[in-house]
Amino acid sequence: MDRKISLSEISDGKLYGLNDMVKAGCNDCKGCSACCKGMGNSIILDPFDIFRLTTNRRESFEELLHDKIELNMVDGVILPNLKMVSEVQSCAFLNEEGRCSIHAYRPGICRIFPLGRYYENHSYHYILQIHECKNKNRSKVKVSKWIDTNDVKRNEQFILDWHYFLKNLQEQIKKSVDNNWIRNINLYLLNTFYQKPYVKEQNFYLQFEERFEQVKRYLETNKSFIE
Ligand code: SF4
Ligand code: SF4
């Protein structure tokens, strides 16, 4: 989801790469779980997040939908997000000790927090969001270490492919007057990228690429009426 606000409002104004040091280290969060509560539907899950969740928890997408995740419309596209539950609206994966119960396979947005991504010219940098983390004494840490993601270059390519694919599709949906097409493409995407089970033993990116090509072919042959 794109936010149309200036960098200086939400960040320290700098753009960071993988080899840069950034003040993101929150000292293991020590008793704080503020960013795991009251997040509404903002922690949106991409296909890699669902691969990690379904294969590590041995739960299907539909089982996760019972009480851990939910579906919402994001600029015309139906996408899953982490569900906030109980009176305090905490993430369904936050345990009684106030710790993340899925730390090893937590979603991408949680992995990089309090960093965010700033997309520009079919690329992106990391930004340090200054109003998000409650810990004001954060330590400096290398970005690549902080985001704690294997095969980070391949992951970055996936993030870019997914981001620009969604952005293009959202623009097409905005222009479309064809409600059937909008409904069908949403169902097709949900099924192809999220509901159809992933194989844990197989490389995620190869599975994604195959599905991505399939969706691109679908979009080529199923065009929408544009206003
Ligand atoms: S998945 Fe873990 S880190 Fe992310 S919001 Fe939920 S409890 Fe917090
Ligand atoms: S607000 Fe900061 S210190 Fe608190 S849980 Fe989130 S990342 Fe950790």
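Laboratory data are not the source of any read-out in this text; all were calculated from the coordinates shown. All figures in this text were calculated on a predicted structure; none of them were measured in a lab. All Cβ positions, glycine included, derive from the backbone under ideal geometry; neighbour counts span all protein chains shown.
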* In degrees between 0 and 90, to the nearest 10, how far off the longest principal axis of the chain does helix 204-221 point, with axes built from Cα atoms? -> 40 degrees
* Structure fact -> Quick P(r) readout (the chain; Cα-Cα; 10 Å bins; whole %) gives 7, 30, 37, 22, 4, 0
* Express the C-alpha Rg of the stretch 114-176 as a ratio against the empirical globular expectation 2.2 N^0.38 Å, rounded to two decimals. => 1.41
* When the Cα centres of the stretch 123-190 and the stretch 1-68 are compared, how far apart do they sit, in Å? -> 10 Å
* To do: Of the listed pairs K145/K174; K14/K153; K14/K174; K134/K200; K174/K200; K14/K200, which have alpha-carbon separations greater than 28 Å here?
  => K145/K174; K14/K174; K134/K200; K174/K200; K14/K200
* Could you give the nm distance between label points at L206 and N184, where each point is 7 Å from its Cα heading toward the beta carbon? -> 3.3 nm
* Distance between modelled label sites at N95 and E171, nm, 7 Å Cα→Cβ extension -> 4.5 nm
* Structure fact -> Nearest-0.05 FRET efficiency for L71 and S42 at R0 = 22 Å, using Cβ-Cβ distance, is 0.95
* Can you pull the three principal axis extents for the Cα set of the stretch 50-131, in Å, largest first? -> 38, 31, 26
* Structure fact -> Note: the stretch 153-227 at 20 °C, 1.002 mPa s; Kirkwood Rh on alpha carbon pairs; Stokes-Einstein D in µm²/s works out to 160 µm²/s
